1. With θ set to phi - 60° and the Karplus curve 6.51 cos²θ - 1.76 cosθ + 1.60, what are the ³J(HN,Hα) couplings of the stretch 364-371 in order, to the nearest whole Hz, using x for Gly and Pro?
2. Restricting attention to the stretch 323-399, which trypsin sites (Lys or Arg not before Pro) occupy a DSSP loop and are surrounded by at most 13 other Cβ atoms within 10 Å?
3. Please turn the phi angles of the stretch 95-102 into ³J(HN,Hα) values with the Karplus equation 6.51 cos²θ - 1.76 cosθ + 1.60 (θ = phi - 60°), one per residue in order, whole Hz, x for glycine and proline.
4. At 1.4 Å probe size, put ILE118, ILE354 in order of accessible surface, largest to smallest.
5. Which pairs break 19 Å Cα to Cα here: LYS6/LYS75; LYS8/LYS75; LYS8/LYS410; LYS7/LYS405; LYS5/LYS405?
6. Hey, can you find the accessible area per residue of the stretch 385-449 for me, probe 1.4 Å, expressed in square angstrom?
7. Net charge around MET178, counting only other residues with Cβ within less than 9 Å of its Cβ (Lys, Arg = +1; Asp, Glu = -1)?
8. Whole-Hz Karplus ³J(HN,Hα) for the stretch 182-195, in order, using 6.51 cos²θ - 1.76 cosθ + 1.60 and θ = phi - 60°, x for Gly and Pro?
Amino acid sequence: MDYQKKKKLTFFTIGLIFLLSGIEYAVILPTIWRYLQTLGAEPYFLGLGLSAFSLTGLLSGPLFGHWSDRTRRTKAIILFANLFEIAGNIMYFMGYSKWLLLSSRLVAGIGTGAGASIFGYLTRSTLPEDRATVFAAVMACRQAGLLIGPAFNLFLRLCDFHLGPFIVNKYTSPGLFMCFLWVLLQLVVLFLYWDIPPQGASQPQGDAEKEEEKLLVPPVTPEPSYGSVGPGVPSSVGVAHNHVLPNGTVSPPSPPPSPPPSTLTNPFHRFSASKEYLREEVVVLLTAQFITLFNQTALETMVTPLTQKYFNFGELENSIMYCLCGVEVIAGFFFVRWLSRRCTDRVVLAVGLIISNVSCVWCLIFLANPQGGLPWQLTEFVIGVFLQVLGLPFVAVSQVSLFSKVTAEKTQGFSQGLRRSVGGLATILGPLWAGGLTGNLYIMLGVMMALLLMLTVMMVFSYDQLVEPTVIINHTDVQEDCG
């Protein structure tokens, strides 16, 4: 099989992984609260269950990313991580107690850490100018999963039978269904995923090492052999490290000592977290990751109580609303995919922040205290949600693409794990913040507006830094790095 076909199948498999992650979220979320109630769980267990999934993903991401940076192998990592998804969903299906259900989300969340390795692989195997388009497609796959996930619930809610000692009903069936899908994915990864070396994007690790050795060891021109050393010329004079053999001949010059292999093969040799992640542009992008996801999850938490309070929406109306939002998000990702070929990442980020600021101001004015009759209130609500969803793809794709360019490629897996961990922290804190303030939207939306303004100011002052750095090979630095 040729390189291009392997690459296409590998990218298809990656899209399938993100599609299943979106389906899992959309299948389990609608029923988990009722499921917990059947097990006698207190209300706070819902927050614990949702946060547990993000917590273990937050912790496992950097670990899996570090693993992929050292080995340059993602296939084994994905297969290993999927075992946690399978085990977690089996535990969810069994559901003997609320504690087992909570543990199931902790275990399944570990599997999401493979996303850091995947983003690291995508960074190494794509050209910088194509990276935003690839990331947009991958993110759109997850949104597609969120969109089609509720459709599976239409038949899962009809389940009512026994599987050995276990009951299969509308609450336990999502776990069994997702376990089946993750097992199928294992087979797809096994046969359709390759750890192919980059072609045209960056050198494979072995080639990079050879280039460094070329810089360290200049080509040596062989000296002519002489029967004896010339009269009056000491044997120490001549080419460095020549040795006079007992018969009077001069041995070939020996090259300088080669650096230890560990300094060439270890991507974390002389790695400094402070120098890598405390740079101005990196801090701005990590802040964008946190604030965007914090605001998004906070608004998601606020929407359902708001629609119930003002419009008396039920499950059907909310499902239609989320479906329409999913369609808009997917369309937005593909628009950003097209736009990123014509504009730089920082321009796309700036557009996304402008839309997000307008959305937050609109919500603060019109949604915190709706005025007018039902048609006008519904119009205000629809515009606010539309603007919020519209800005998401711009910020999400551009900050991921920029982050991959301003951080070192050799440690990209760990860096992407750190970025995803920051996002995981936001998805934990966002619902907690909004959940306690659904009755006081001015405070909730005001803080979100303040965070967005802070991010916008940070971006304005750091705009010149938000570009891909120019790589300049410094021979002295290479020699120092390699000992």
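The values are calculated or read from the model by the stated rules, or taken from the named source; none is laboratory data. As the structure is a prediction and not an experimental result, all values here were calculated from the model. Virtual Cβ from ideal backbone geometry, glycine too; neighbours counted across all protein chains shown. Just the protein is used for accessible areas: all its heavy atoms, side chains included, with ligands, DNA and RNA removed. Shrake-Rupley method; radii C 1.70, N 1.55, O 1.52, S 1.80 Å.
1. With the stated coefficients, the stretch 364-371 comes to 5, 7, 9, 9, 5, 8, x, 10 Hz.
2. Passing both the DSSP loop test and the Cβ count: ARG341, ARG342.
3. Coupling constants for the stretch 95-102: x, 5, 8, 5, 6, 5, 5, 5 Hz.
4. ILE354, ILE118
5. Going by Cα-Cα distance, LYS8/LYS410; LYS7/LYS405; LYS5/LYS405 fall outside the 19 Å limit.
6. 30 Å²
7. Summing Lys/Arg as +1 and Asp/Glu as -1 gives -2.
8. Running phi through 6.51 cos²θ - 1.76 cosθ + 1.60 with θ = phi - 60° gives 5, 5, 4, 5, 4, 5, 4, 4, 4, 9, 10, 10, 10, 8 Hz.
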